[in-house]
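S.K.: Provided herewith is a single structure, encoded as structure tokens, for subsequent inquiry.
The values are calculated or read from the model by the stated rules, or taken from the named source; none is laboratory data. All values derive from a computational prediction rather than experimental measurement. In this analysis, Cβ positions are derived from the backbone assuming ideal geometry, glycine residues included, and neighbour counts consider all displayed protein chains.
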Amino acid sequence: MYEKDGEKYFIVDSHMHYWNAAPSNWVKGAENYAKGWIECFHAYQSLGPKETHWPIEKFMAYTEDDLMKDVFEDGYVDIAVFQPTYLKEWYAEGFNTTERNAALGEKHPGMFIANTRFDPRDGDNGLDELRRNVERYGSKGVKLYTAEWNNGSRGYKLSDPATYRYLEKAQELGIKNIHVHKGPTIWPLDKDSFDVSDVDHAATDFPELNFIVEHVGLPRIEDFCFMATQEPNVYAGLSVVIGGLMHARPKFFAKVMGELLFWVGEDKMTFGSDYGIWEPKWQVEGFVDWQMPDDDELSDYQKLTTATKKKILGLNAAKLYDIKVPAEFLVPAQAGAPAAQESAQLVTDS
Amino acid sequence: MTVTDTSVVSAALAALTTVRDPELDEPITTLGFVASCTVSCQGRAMVRLRLPTYFCAPNFAFLMVADAYDAVTAVPGVTSAEVVLEDHFASDAINQGVAAQAGFVKSFDGEAVAELGDLRAQFLRKAVMAGTDLVCRPLVAAGAAPAELLALTLGEVPPSPELTRLRQRRADLGLSAGDDAPLLVDPQTGERIAAAAVPLHLRKARVTRAGIEANTSICSGMFRVRYPDGWTT
């Protein structure tokens, strides 16, 4: 919970991690990838305020105590959603698995939601594993990393028939939320690896599922925005947007927020700290204090209301995950602009 | 012993300014991606390139290495060239592929089915959209209504570096770029935008520019962390 100027904010961190990238977990022969991956993540951290930077040693393997302090004690988070990333080609026990996350979550009842994941290239065994994870950990969401390497394959698409089979199974098991991360190594390499059109297909064909595109499809915000306007079940996950831009590039942060509010709308944007990349404390404080600047170039972007911020920081994600939020944090039902009505109109008119 | 021929080096560096990151639509020289460029007395050019992360997309990386090779090889006084991408997970495949003039598909055997022309064109279209916003925004600020923008030709727009750049990108795509060509065209077909679609076209142009700018700012932030010393020749 965060309180500022008499307003109370219920904080759902809808995208965070508990990883182990220590050298002892690097797969023999794949050390360059394991090292390159975590160094790349660590460079992202440097886009946050200097006083929040960690040495690489801590960054590779922060502890349970670090996480509980940074996220809950100092970071104002009420509920945190674990998003696993396996990367077992490079990390022997996985980078950030369902089991590792859930083991920590079980020690702190009521504080975490343990999402799981699937990889459609894992065949029938993968379907069984998905079922076991949902049954054991009560997962309501999955994190899909379409660029993950798997046994010689460098990625997959959400629109692949094999993925549809998994999405059908996930839905049958009670999964509601599909968090999608795009990365730079999807097959085939001659296509744009960040292309989000496969999410468009899946979102149309699975209207009961919600698709939260993490990092708002960065670096393809334009394609993402245009899709999200037309698909009522596509959401903008703000991890990286706040962490990577708000401090380091405030003007571009303003533009990206302005575009997202226009195309996607404040009812479909969700905060995620991307911890351990960035601590939530400065992101929550900074975002509550933030306003669209008075700048000619930004003049036709929407200003943010307190209700906008409350929705983005927690209430939207609380709806996706059926989290009961105490009344003192709620906003009036009609507060703020309805999601992206103007942009939908624009598309219909042309 | 390698002795650098400074006049040829200058020419080689000038040639490298024509090589762009297709995704960010900026020259690799201003982005800092050229780590070094030397030319021996025998005319052998050696160019080292580097990118913001170990996992930058290999297709764009390949295009930059191949374009740098072509640009430097064309410089008078350069008799042969070696262009090397450093510190990248696909360095070996890219460097060997470009050196062997093998093309992308062969360099990434089994992981790609087509060369990169379509990908390049796709990002040129994005550059045209972003460029449209850069050119139109001052006109809109000065009071131009959508219908007026629609009626404008490129020759009627006041000259600016942004306009020159937009014309170049359109020409690269094979779209009309002369004085009589309409300002607002569909980057896919080259056709003038329909009147009803102008507001959406301008909004798309704007979000495309915002996306490229945000992307560039993150890439340059990451680059500075990785190579805090900037670049040297």
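S.K.: I'm trying to understand the selection: among the residues of region A:27-43, which are under 14 Å from A:ILE56 (Cβ atoms) and of a type outside the set (Lys, Arg)?
M.R.: Here is the first cut: in region A:27-43, the residues under 14 Å from A:ILE56 (Cβ atoms) are A:34-43.
The answer is A:ALA34, A:GLY36, A:TRP37, A:ILE38, A:GLU39, A:CYS40, A:PHE41, A:HIS42, A:ALA43.
S.K.: Which count do you get for residues in region B:44-76 that are farther than 13 Å from B:THR18 by Cα, touching a residue at least 60 places away in the same chain (Cβ under 8 Å) and more than 14 Å from chain A (Cβ to nearest Cβ)?
M.R.: Qualifying residue count, region B:44-76: 1.
S.K.: Something else now. Quick test for you: out of B:LEU183, B:LEU173, pick the one residue that is more than 14 Å from chain A (Cβ to nearest Cβ), surrounded by fewer than 21 Cβ atoms within 10 Å (Cβ to Cβ) and in contact with a helix residue (DSSP H, G or I) (Cβ under 7 Å, 6 or more places away or on another chain).
M.R.: Working: B:LEU183 fails: surrounded by fewer than 21 Cβ atoms within 10 Å (Cβ to Cβ).
When all the criteria are applied, what remains is B:LEU173.
S.K.: Okay, next question. I need the full set of residues from region A:104-134 which are exposed (fewer than 15 other Cβ atoms within 10 Å of the Cβ) and small (Gly, Ala, Ser), in order please.
M.R.: A:GLY110, A:GLY123
S.K.: I'd like the full set of residues that are in a helix (DSSP H, G or I) and either loosely packed, with under 14 Cβ neighbours inside 10 Å or hydroxyl-bearing (Ser, Thr, Tyr) (or both), limited to region A:282-309. Before the answer, list the steps.
M.R.: At the first step, the residues of region A:282-309 found to be in a helix (DSSP H, G or I) are A:282-289, A:296-298, A:306-309.
Result: A:ASP289, A:ASP296, A:GLU297, A:THR306, A:THR308.
S.K.: Do we have A:LYS143 as under 28 Å from B:PRO58 (Cβ atoms) and away from chain B (no Cβ under 14 Å) here? Talk me through it step by step, then tell me what you get.
M.R.: Working: under 28 Å from B:PRO58 (Cβ atoms): yes; away from chain B (no Cβ under 14 Å): yes.
Answer is yes for this residue.
S.K.: Could I ask something else about it? For region A:147-167, enumerate the residues that are under 17 Å from A:HIS179 (Cα atoms) and outside any helix (DSSP H, G or I).
M.R.: Hits for region A:147-167 are A:ALA147, A:GLU148, A:GLY155, A:TYR156, A:LYS157, A:LEU158, A:SER159, A:ASP160.
S.K.: So if I check each of A:GLU214, A:GLU279, which one is among the charged types (D, E, K, R), more than 14 Å from every other protein chain (Cβ to nearest Cβ), touching a His at 6+ places or on another chain (Cβ under 7 Å) and crowded, with 21+ Cβ neighbours inside 10 Å? Before you say what the answer is, go through the steps one by one.
M.R.: Numbers: A:GLU279 fails: touching a His at 6+ places or on another chain (Cβ under 7 Å).
Answer to the selection: A:GLU214.
S.K.: Separate question: Return the residue satisfying two criteria in turn: it lies in region A:192-209 and is crowded, with 20+ Cβ neighbours inside 10 Å and either within 14 Å of chain B (Cβ to nearest Cβ) or in a strand (DSSP E or B) (or both), and of such residues it is modelled with the highest pLDDT.
M.R.: Checked region A:192-209; the qualifying residue modelled with the highest pLDDT is A:VAL196.
S.K.: Among the residues of region B:105-135, how many are within 21 Å of the chain's Cα centre (by Cα) and either more than 9 Å from chain A (Cβ to nearest Cβ) or modelled with pLDDT of 85 or more (or both)?
M.R.: Matching residues across region B:105-135 total 20.
S.K.: I'd like to check something: does region B:63-75 contain any residue that is of a type outside the set (Gly, Ala, Ser), under 30 Å from A:LYS35 (Cβ atoms) and in a loop (DSSP other than H, G, I, E, B)? Steps first, please.
M.R.: So the first thing to find is which residues in region B:63-75 are of a type outside the set (Gly, Ala, Ser), and the list is B:63-65, B:67, B:69-70, B:72-73, B:75.
Right, trim to under 30 Å from A:LYS35 (Cβ atoms) and you get B:63-65, B:67, B:69.
Subset that is in a loop (DSSP other than H, G, I, E, B): none.
Taking every residue of region B:63-75 in turn, none turns out to be of a type outside the set (Gly, Ala, Ser), under 30 Å from A:LYS35 (Cβ atoms) and in a loop (DSSP other than H, G, I, E, B).
S.K.: From (1) within 14 Å of chain A (Cβ to nearest Cβ); (2) touching an Asp or Glu at 6+ places or on another chain (Cβ under 9 Å), pick out the condition that doesn't hold for B:GLU156.
M.R.: The number of the failed condition is (1).
S.K.: Continuing with this model, one more query. Please go through region B:76-111 and pick out each residue that is of a type in the set (Val, Ile, Thr) and in a helix (DSSP H, G or I).
M.R.: From region B:76-111, those of a type in the set (Val, Ile, Thr) are B:78-79, B:83-84, B:94, B:98, B:105; that's our starting set.
Within region B:76-111, B:ILE94, B:VAL98, B:VAL105 meet the criteria.
S.K.: Which of the residues spanning region B:186-203 are at the interface with chain A (Cβ under 9 Å from one of its Cβ atoms) and within 20 Å of the chain's Cα centre (by Cα)?
M.R.: Correct list: empty.
S.K.: Let me spell it out: the conditions are (1) in contact with a Leu (Cβ under 9 Å, 6 or more places away or on another chain); (2) closer than 18 Å to A:TRP282 by Cα, and A:ASP66 meets all of them except one. Which number is the exception?
M.R.: (1)
S.K.: Next up: Could you list, in sequence order, the residues of region A:20-42 that are assigned to a helix (DSSP H, G or I) and of a type in the set (Phe, Trp, Tyr)? Explain how you work it out, then say what you get.
M.R.: From region A:20-42, those assigned to a helix (DSSP H, G or I) are A:23-25, A:31-42; that's our starting set.
Within region A:20-42, A:TYR33, A:TRP37, A:PHE41 qualify.
S.K.: To continue, here is another question. Please work out which residue is surrounded by the fewest Cβ atoms within 10 Å (Cβ to Cβ), limiting yourself to region B:73-95 and to residues that are of a type outside the set (Gly, Ala, Ser), under 19 Å from B:PHE33 (Cα atoms) and out of contact with any strand residue (DSSP E or B) (no Cβ under 7 Å at 6 or more places or on another chain). Before you say what the answer is, go through the steps one by one.
M.R.: From region B:73-95, those of a type outside the set (Gly, Ala, Ser) are B:73, B:75-76, B:78-79, B:82-89, B:92, B:94-95; that's our starting set.
So of that shortlist, the ones also under 19 Å from B:PHE33 (Cα atoms) come out as B:73, B:82-89, B:92, B:94-95.
Now narrow it down to the ones that are out of contact with any strand residue (DSSP E or B) (no Cβ under 7 Å at 6 or more places or on another chain): B:87-89, B:92.
Details: B:ASP87: 18, B:HIS88: 21, B:PHE89: 19, B:ASP92: 11.
Filtering first and then ranking leaves B:ASP92.
S.K.: Given (1) hydrophobic (A, V, I, L, M, F, W, C); (2) out of contact with any Phe, Trp or Tyr (no Cβ under 9 Å at 6 or more places or on another chain); (3) surrounded by fewer than 24 Cβ atoms within 10 Å (Cβ to Cβ); (4) not in a loop (DSSP other than H, G, I, E, B), where does A:ALA248 come up short, assuming only one miss?
M.R.: (4)
S.K.: Restricting to region A:15-55, what's the tally of residues that are touching a residue at least 60 places away in the same chain (Cβ under 8 Å) and among the small types (Gly, Ala, Ser)?
M.R.: Of the residues in region A:15-55, 3 are touching a residue at least 60 places away in the same chain (Cβ under 8 Å) and among the small types (Gly, Ala, Ser).
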